[in-house]
Amino acid sequence: MRLRYIELFHAVLSTGSLTGAANLLNISQPAASKALQQAENHLGFPLFSRVRGRLQPTQQALLMRHHIDRIMREMYDLQRLSANITRPESHPLRVTCTPTMAQMLVPDAIARLGKVYPGAIVELYTQHSAAMSESLMLRESDIGLTLQDMSHHGLLEHPLCGGNVMVIAPPGWWSARELDKPLPIAALAGQPMIGITVQDALGNMLQGHLAKVDPAPRANVWVQTYQLACALVARGGGLALVDPFTARCSREAVQMRPLKLQLDVTLRAVYRPDSPLNGVQTRFLDYVREFAQGLLAEGAA
């Protein structure tokens, strides 16, 4: 099936009419009609039937739809990739990071970078790790900052800083003497907790450890972000397990203690293996590392 037939087929599926497909493809309606007839002749079966003035896909067309959609998505990705490859070498520093990193570490690093490179242009995106890997591979961004191991995506990783998983609690939950002591995971037995449904390596490991606690913690509220968990904890919703950067970057008033568990959290810089870091990018990561280490040291003091 020729590419132009695939494009027309997808356009008719999207618009429901030949006129709409023609407008979408910037061709005339007669040209679209002729191309559709040629496609059907080439395939040997009809792709659409007219029902109440609209074109409806036939059973054969429906069998092909999933593959057509996939091909069009890959074509779109190829267009995005080729457009980004041809961008000038002086392109801006393009950073994608998780929402936690965007709250404190990255703005501070960018502010300091601007003093050294006042003419530097920075583009900052916030994404979760799954979308981040796609953004990097498609050259829509150059550096990613994440707490997840992304080496399996074919990206290079550079560890910047590490810390402990933290237990956060509403104000006044623990005494001042207790705050310096790591909390055993067994102490969470039967405690009210904010459940976190983040589908990442850290979230899965935490859920695995919590599943062994007896009696199980009581989680009546579940959220999808560590930041929202902090907000609920601050309002008395219970305890939560979060990464050390979320705990310390949060603007919410919460207490925190390290979880007594051999489970470290590492802040990683990730980038494409075919794109070594330039001077501006390296300086930016130096600042991120410095601020991250300072943040964790301040919390431990």
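The values are calculated or read from the model by the stated rules, or taken from the named source; none is laboratory data. Quick caveat: nothing in here was measured; it's all calculated off a predicted structure. All Cβ positions, glycine included, derive from the backbone under ideal geometry; neighbour counts span all protein chains shown.
The table that follows gives values for the structure above.
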{"quantity": "Of the criteria (1) modelled with pLDDT of 90 or more; (2) surrounded by 14 or more Cβ atoms within 10 Å (Cβ to Cβ); (3) not aliphatic (A, V, I, L, M), which one Asn164 fails", "calculated": "(1)"}
{"quantity": "Number of the exception - Ser49 against (1) of a type in the set (Gly, Ala, Ser); (2) assigned to a helix (DSSP H, G or I); (3) without any contact (Cβ under 8 Å) to a residue 12 or more places away in the chain", "calculated": "(2)"}
{"quantity": "The stretch 246-301, subset within 22 Å of the chain's Cα centre (by Cα) and polar (S, T, N, Q), residue farthest from Met132 (Cα to Cα)", "calculated": "Ser250"}
{"quantity": "Residues located in the stretch 248-271, provided they are under 20 Å from Thr146 (Cβ atoms) and either modelled with pLDDT of 90 or more or in a helix (DSSP H, G or I) (or both)", "calculated": "Arg248, Cys249, Thr266, Leu267, Arg268, Ala269, Val270, Tyr271"}
{"quantity": "Residues being touching a residue at least 60 places away in the same chain (Cβ under 8 Å), assigned to a loop (DSSP other than H, G, I, E, B) and polar (S, T, N, Q) - total across the stretch 106-148", "calculated": "1"}
{"quantity": "Answer from Asp286, Asp274, Asp214 - the residue that is acidic (Asp, Glu), outside any helix (DSSP H, G or I), out of contact with any His (no Cβ under 9 Å at 6 or more places or on another chain) and at pLDDT 90 or above", "calculated": "Asp214"}
{"quantity": "Contacts under 9 angstrom Cβ, first residue in the stretch 64-75 being outside the structural domain of Glu134 (by TED's automatic domain parsing), partner among the aromatic types (Phe, Trp, Tyr) and part of a helix (DSSP H, G or I), 6 or more apart", "calculated": "Met64/Phe9; Arg65/Phe9; Ile68/Phe9"}
{"quantity": "Residue match in the stretch 230-247 (condition: over 14 Å from Met193 (Cα atoms), out of contact with any helix residue (DSSP H, G or I) (no Cβ under 7 Å at 6 or more places or on another chain) and assigned to a helix (DSSP H, G or I))", "calculated": "yes"}
{"quantity": "Some residue of the stretch 11-24 being in the same structural domain as Tyr76 (by TED's automatic domain parsing), of a type outside the set (Phe, Trp, Tyr) and more than 24 Å from Met75 (Cα to Cα)", "calculated": "no"}
